[in-house]
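Okay, so here's the structure we're looking at.
The values are calculated or read from the model by the stated rules, or taken from the named source; none is laboratory data. What you are looking at is a predicted structure, and each value in this text was computed from that prediction instead of being measured. Positions of Cβ are generated from backbone atoms using ideal geometry, with glycine treated the same way; all protein chains shown enter the neighbour counts. To get the accessible areas, we keep the full protein, side chains included, count just its heavy atoms, and leave off ligands, DNA and RNA. Shrake-Rupley method; radii C 1.70, N 1.55, O 1.52, S 1.80 Å.
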Amino acid sequence: MENETTFVAPEGVYSLTEEHKPALAQSHTTPILFPTKVSSVAIRVPPAKPQGSGPPGLAQLLGGNKDAKKDKDKDKSATGSKEDGYSLSSSDTPDEIDQLSPIQESSNTASPLPEQQSIFSPTGGRGKRGARPKHNIKTTSSTFVTRIQTSDNWTKTLQSKQGDLTLLCYNVAKSFLLVEAGSKAKEPLARILFSAYPTCHDINQLTSSCEHLDVIIGFNTGDLVWLDPITSRYARLNKQGCISNSPCTAIRWVPSSPTLFLVSHADGTIVVYDKERDDGTFSPQEPTNGPPSLDITGTPISEEAAAPIQRDWDPTDNIFVTMPPWHPVTTGAGAGINVAGKSDKDSKVVKNPVSHWRISRKGVVDFVFSPDVKYVAAISEDGCLRVIDALAEQLVDCYASYFGALTCVAWSPDGRFILTGGQDDLITIFSPWEQRVVARCQGHSSFVAGVAFDDLRCDGRTYRFGSVGEDNKLILWDFSSGALHRPKYQATHHQRMSMSSTISLAFRRDKSASYLPAGLPPGLKNTHSLRHHPAPSRNEIAIVQPVLIKSVDCDLLTDIAFLPRSLLTATKSGHIRLWVRPLNLRKPTRNSSLLPDVQNLIS
């Protein structure tokens, strides 16, 4: 029964029902230097209005909005222009520039301030969740955006639809494309060509609707574009790499935040941005350029005390945080800390970046948030998985790979497990609660390119996830958490890891996560460099065998994702395949107990 378009899993048959391929002309003219990555979002389309012509946002995408001509005339009549980094843009009008003026405190805060300020702490702001990018991508004269193409029939198609709609964004060469999953259309809804290579992107799930999408795109030049493909508007951040000129490797919106997102770079840094802030004048400190200004408790330290830390910075033991003058800690705590070297007057104007983390001496490959949005799991070319307390901006633990660099990472829906794939051809399952490796998955014969959990088949007892590799294998895996808690030679392993893991988390100030332990036993003292956990040997760790191995006839597989109705695979050249699920399972709601806490942090 299994063939090129189907494969059989224990739950039933997956069938290839949809493919998206890039235009041949584009692939021949521009070399493909960076792998294709896919972002997805599910939106609900409201019933069409009887007297209207469809949602105004969708009409504007197709050029049929009545205000399109007004925007064009408005851009032409602008008296001022602004340097775009590559050219002067005619769409940079004064009123648009005013939209992104420095955020001012405007709300009356009746609730008390939190005890500890963090990068997710409220910064006042205008409170406009519907803020949009300031440039019209159709009328801009910027050479960074070279061309935009849109579908002519999307409005009529959406008028006949109701309910949920899944949109996919992906990059191919210098193009960024938007398509509808499940659509029979041969052409994408929108195709945007840039002068640089898009390398990564992410869609804000909180603010997405049928009239508005917030998409951040990272480029090989370090530039960032905040794009709304539906309204055809965009804004530039980190122009010409003014904050970081290192290639972007991954982007993640802060879940439940309408404005904050994180970007990792190939120089070993992660930078926190706010989409509505302008770029500030910022020079991050290096571990060899100046001492850190705060210790792990957030109190200022002298240069004498910081000198040994500066000389002997160990990326496996801590991260090096550069706080700009407008950082919530430096402004909210009132300590007068000025890491970026600016005056107090400058520190009152909030700009980007929100914060700057140097976590490794080698490139950061990817990162993901924990389900409660308090932690970040980051992987890098030095072969380390780092669990970072995002609120305290501190390293919690650092795990070494068995061999080589790590290439992909995923966090389970309940927060209990972290997956990594690497150049050792293995998928490793970590337990952040127990601070140890619980299992390794053997099945790939080349580098693992992507891993993802299937939320529909993870129930807290059994976990399903999938992986793709450069061996062009699509593999499905199942594991039981109870079975994997009893690896080989458990007594020896537990004795070796217990003291290390207990001490390492003593540096954490936040103890509210349900799946990370906290506290330091009486009689134990803080010991340096015990956050690092070497890779255990083969005979200490349980092995998980594949549930299914499917060889896909294509160029290199680069990405995998589980959608509500299908399994998605992508190749380096931008060939997207959708394999329909055997059962139309109902997607479970995310643990509601996590969301109120997150909202309190960022609202």
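Tabulated values for the structure
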| quantity | calculated |
| --- | --- |
| Those residues of the range 209-226 which are open to solvent by less than 10 Å² (accessible area, probe 1.4 Å) and at pLDDT 95 or above, in sequence order | 214, 215, 216, 217, 218, 219, 222, 223, 224, 225, 226 |
| Selection count where residues are open to solvent by less than 30 Å² (accessible area, probe 1.4 Å), touching a Pro at 6+ places or on another chain (Cβ under 9 Å) and not in a strand (DSSP E or B), scope the range 408-431 | 3 |
| Residue pairs meeting the criteria (Cβ under 6 Å; at least 6 apart or on separate chains; first open to solvent by less than 20 Å² (accessible area, probe 1.4 Å), in the range 252-267; second in a loop (DSSP other than H, G, I, E, B) and of a type in the set (Ser, Thr, Tyr)) | 265/244; 265/246 |
| Cβ-Cβ under 8 Å pairs, at least 6 apart or on other chains, the range 223-241 side free of Cβ contacts under 8 Å to residues at least 24 places away in the same chain, far side part of a loop (DSSP other than H, G, I, E, B) and crowded, with 23+ Cβ neighbours inside 10 Å | 241/222; 241/223 |
| Selected residue (only one of 366, 397, 454, 459 is modelled with pLDDT of 95 or more, over 24 Å from residue 265 (Cα atoms) and either within 16 Å of the chain's Cα centre (by Cα) or charged (D, E, K, R) (or both)) | 454 |
| Selection from the range 445-485 of residues that are more than 27 Å from residue 397 (Cα to Cα) and open to solvent by 10 Å² or more (accessible area, probe 1.4 Å) | 445, 446, 456, 457, 470, 471, 472, 473 |
| Leading residue by the ranking (surrounded by the most Cβ atoms within 10 Å (Cβ to Cβ)) among those in the range 559-582 that are part of a loop (DSSP other than H, G, I, E, B) and touching a helix residue (DSSP H, G or I) at 6+ places or on another chain (Cβ under 9 Å) | 574 |
| Residue within the range 247-254 that is more than 17 Å from the chain's Cα centre (by Cα), of a type in the set (D, E, K, R) and in a strand (DSSP E or B) present | no |
| Residue, surrounded by the fewest Cβ atoms within 10 Å (Cβ to Cβ), within the range 512-558, restricted to residues that are modelled with pLDDT of 50 or more and among the basic types (Lys, Arg) | 538 |
